[in-house]
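Notes follow the structure.
The values are calculated or read from the model by the stated rules, or taken from the named source; none is laboratory data. The structure presented is a predicted model; accordingly, all values stated were derived computationally and were not measured. Methodologically, a virtual Cβ is constructed for each residue, glycine included, from the backbone with ideal geometry; neighbour enumeration extends over all protein chains shown. The accessibility values were calculated without ligands, DNA or RNA, using every heavy atom of the protein model including side chains. Shrake-Rupley method; radii C 1.70, N 1.55, O 1.52, S 1.80 Å.
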Amino acid sequence: MSIDRLTNRPIDMPINIIEEKVYLNKRITPEEAIELFYSNDIFRLGRMASYATEKKNKKNVYFIHNRHINPTNICVNRCKFCAFSKDKGENGAYQLTLGEILEKARSAEKGVSEFHIVGGLHPDLPFEFYLEMLRALKKEFSHIHIQAFTAVEIDYFSRISALPHKETLLRLKEAGLGSLPGGGAEIFQANVRNAICEEKISGERWLEVMEAAHSIGLKSNATMLYGHIEGYEDRVAHMSSLRELQDRTGGFQAFIPLPFHPHNTRIKRRLKETTGMDDLKTLAISRIFLDNFDHIKAFWIMLGEKMAQVSLSFGVDDIDGTVVEEKITHAAGAKTSEELTKEEIINLIQKAGKVPVERDTLYNIIRMYEHEHSTV
Ligand code: V47
Ligand code: SF4
């Protein structure tokens, strides 16, 4: 057994064995994924991840013309890592009326194809409010896809309406819900989850909601919040649960690792932001490990534009979208802007040597920018 010079860790599984499996299109095991996390051979990880993504997506990098709307930051959960949420009545707490939500939707640029809507678990708003919101948005913007409500919100709606998950989702779908975003997943492992968000539904329940959504034809994404108190083993266990569910349902579209932003949060153990090395490793390993996910997304708002651009050489094939207004990460100290124009996104992708592809929420191609070159 040899010793890794950088980490001083025994190497009992040389990377070239894992590498061989990747290039033979074989699934890697959780143990092998953990081994990759302990490696600092970032170029090797990038080559493997690029191989894995190009097999699925060629040189295409997807983005969407979207607008985020957060109807309320009032939340009964108050997760320790969340700087966005407030108690009712607290300074800075807000709750948009239906009219204000519609105003935000009306302010969206021409060409927007998706509204991305997530918010806190409000103590008093009835389930009917959310159904009404979907109906009103669909009535005025029938052509715009609504991707809304994390699995955590869906479970909350099911509790306040006393309906099973599937019935809750069916009613939302009937009112206009098009798909689910991937939030609320955090880290599924109970010891970590209890330490950072003890009021939140368990990892098992998050997966049950997604299974119910997939069973009625609603696609979804899946996230992982990393860089707080979890270890590499927790990240891999989290991704293993997602890979297992995806084998059964095929309903996940993109996996989105979200780097923890520590400012104004109640997680004191780690006040530093994630490093570039950790961000690239996590994205690359997720691409290699989640062989049944079509897309790995770098949410540029959280990663920063430059890191998101570099990640396109580390397995990422989706860079999210125009966003316009972002409250969750900015409450926790994000320094990125809240909006990128389509032109700026196209430029980032082209300058990384990839082909920008504007997509809709379900990855139907709206336009490819194969032959255009910007000057910046
Ligand atoms: O679930 C909260 C995360 C998520 C912090 O599906 C934080 O396409 C970092 O899920 N530092 C909500 N992250 C956002 C989300 C999302 C974003 C963009 C695209 C999609 C998609 C989904 O934000 C939460 C939580 O994991 N979050 N606080 C923080 N301090
Ligand atoms: Fe509420 Fe979501 Fe923030 Fe947790 S992460 S406190 S559930 S808004």
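For trypsin sites (Lys or Arg not before Pro), the sites in the stretch 297-342 that DSSP calls loop and that have at most 13 other Cβ atoms within 10 Å are Lys335.
For the cross-link pairs Lys55/Lys335; Lys281/Lys351; Lys200/Lys327; Lys59/Lys335; Lys58/Lys173; Lys86/Lys200, which exceed 23 Å when the distance is taken from alpha carbon to alpha carbon?
Correct reply: Lys55/Lys335; Lys59/Lys335; Lys58/Lys173.
Which shape class, rounded, prolate or oblate, goes with the stretch 27-104 when its Cα gyration tensor gives a ≥ b ≥ c as root eigenvalues, a/c under 1.5 marks rounded, and past that a/b bigger than b/c marks prolate? Taking the square roots of the gyration eigenvalues as a ≥ b ≥ c, the stretch 27-104 is oblate.
Rounded to a whole number, what % of the accessible area of the chain do carbon and sulfur atoms account for, probe 1.4 Å? Solvent-exposed carbon and sulfur of the chain make up 51 percent of the total.
For the stretch 125-163, trypsin sites (Lys or Arg not before Pro) are listed when DSSP marks them as loop and at most 15 other Cβ atoms sit within 10 Å of their Cβ; the list is empty. Near the amide H of Lys86, within less than 5 Å, lie the amide hydrogens of Ile74, Cys75, all on another chain or at least 5 residues away, with H placed in the peptide plane. The per residue volume of the convex hull around the alpha-carbon atoms of the chain is 134 Å³. Each label point is 7 Å from the Cα along the Cα-to-Cβ direction; what then is the distance between the points at Lys306 and Lys59, in nm? Label-label distance for Lys306 and Lys59, simple model: 2.5 nm.
DSSP finds beta bridges in the stretch 7-163, and of those with both partners inside it, around 10 percent are antiparallel. Under the shape rule built on the C-alpha gyration tensor, where the axes satisfy a ≥ b ≥ c, the stretch 86-159 is prolate, since a/c reaches at least 1.5 and a/b is greater than b/c. Taking amide H as placed 1.01 Å from N in the peptide plane, the amide H of Ile69 sits under 5 Å from that of His116, Ile117, Val118, each at least 5 places away or on another chain. Annotation: amide H-H contacts under 5 Å for His295 (H modelled 1.01 Å from N, sequence separation of 5 or more, or interchain): Phe255. Mean residue ellipticity, 222 nm, helices only, the chain: the sum of -39500 (n - 2.57) across DSSP H runs of n ≥ 4, divided by residue count and rounded to 500, is -12000 deg cm²/dmol.
For the chain, Cys75 stand unpaired, since no other cysteine beta carbon lies under 4.7 Å from theirs.
Multiplying the sequence separation of His263 and Ser161 by 0.36 nm and subtracting their Cα-Cα distance, what value in nm do you get? Walk me through the numbers before you get to the answer.
Working: separation 102, 0.36 × 102 = 36.72 nm, distance 3.48 nm.
Taking 0.36 nm per residue and subtracting the Cα distance, the gain is 33.2 nm.
Of all segments of the chain bounded by GluC sites (Glu not before Pro) found in a DSSP loop with no more than 15 other C-beta atoms within 10 Å, the longest spans 200-324.
Rounded, prolate or oblate: which fits the stretch 227-376 when a ≥ b ≥ c are the square roots of the eigenvalues of the alpha-carbon gyration tensor, with rounded for a/c under 1.5 and prolate only if a/b beats b/c? In terms of gyration-tensor shape, oblate.
For Ile365 and His143, a Förster radius of 25 Å and the Cβ-Cβ distance give a FRET efficiency of 0.95, rounded to the nearest 0.05.
A 1.4 Å probe run over the protein chains yields, for the chain, 42 Å² of accessible area per residue, whole-number rounding.
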